[in-house]
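See structure below.
The values are calculated or read from the model by the stated rules, or taken from the named source; none is laboratory data. Here the structure is a predicted model, which is why all the values come from computation and not from measurement. Don't worry about glycine lacking a Cβ; one is built from the backbone with ideal geometry, like all the others, and counts go over all protein chains shown.
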């Protein structure tokens, strides 16, 4: 495992009053002792230097990070980070610009994020970001055949589904089911249940492998709705859609 250690963990580790048995700091210490490889990137160094005062602390940070491999984002990373930010926003997850870029670097370089920032954990529900301490979601995460068949049937017959996502029970109109960024996803309109944001109604995204207790309801819905952007996204593969009648079984 190769770790990208977020500013939140470095800040804890560098503080004199840090609780010694804090699990993230312990994981960092084990990695520094050789258990794992650690890499970093420029914005993390910059954030740390901006947060600590005095020349001694500045020199200590620069000295410590000089030994770590440095990865740098390119044009592709900035574009992909913007896409990830927008995807999270449409799903009701607040995800900052810098956080989206760090997540994209982790995804691209197959890194595990060591962080105490819950925003990364929330974003991981919508992408293949691997978080230390959480079960990693890989791009080839399987979708159970029963769930796959149920989603296709629900969309074809325009029937509501029930499921649990992020620990919240939901009732939804499934509109599009396919693959984006190598992962099966569902674009749905929530009509009941709960949500982490507190908004019960509206458009949402779900990584299908993160959905549990998926059930097919008897109640039907009329069909397509206008999306927030006025159109649905471009899919790598589209398995089923209420807006498009597919002729192949893919």
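Things worth noting here:
- Note on the range 149-169: residues that are without any contact (Cβ under 8 Å) to a residue 60 or more places away in the chain and over 11 Å from residue 215 (Cβ atoms) total 5.
Listed here are the residues, each with its yes/no results for (1) under 22 Å from residue 122 (Cβ atoms); (2) in contact with a helix residue (DSSP H, G or I) (Cβ under 8 Å, 6 or more places away or on another chain).
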site: 144; (1), (2): no, no
site: 154; (1), (2): no, no
site: 157; (1), (2): no, no
site: 167; (1), (2): yes, no
site: 172; (1), (2): yes, no
site: 179; (1), (2): yes, no
site: 183; (1), (2): yes, yes
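- Some residue of the range 61-70 being in contact (Cβ under 8 Å) with a residue 12 or more places away in the chain, more than 29 Å from residue 198 (Cα to Cα) and out of contact with any strand residue (DSSP E or B) (no Cβ under 8 Å at 6 or more places or on another chain): yes
- Any chance residue 243 is crowded, with 17+ Cβ neighbours inside 10 Å, over 22 Å from residue 145 (Cα atoms) and at pLDDT below 90: no
- Residue check, residue 119 surrounded by fewer than 16 Cβ atoms within 10 Å (Cβ to Cβ) and at pLDDT below 95: no
Table: residues versus (1) in the same structural domain as residue 94 (by TED's automatic domain parsing); (2) at pLDDT 85 or above; (3) out of contact with any helix residue (DSSP H, G or I) (no Cβ under 9 Å at 6 or more places or on another chain).
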residue: 208; (1), (2), (3): no, yes, no
residue: 220; (1), (2), (3): no, yes, no
residue: 229; (1), (2), (3): no, no, no
residue: 236; (1), (2), (3): no, no, yes
residue: 249; (1), (2), (3): no, no, no
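- Check on residue 101, in contact (Cβ under 8 Å) with a residue 24 or more places away in the chain and either at positive phi or over 17 Å from the mean Cα position of the chain (by Cα) (or both): no
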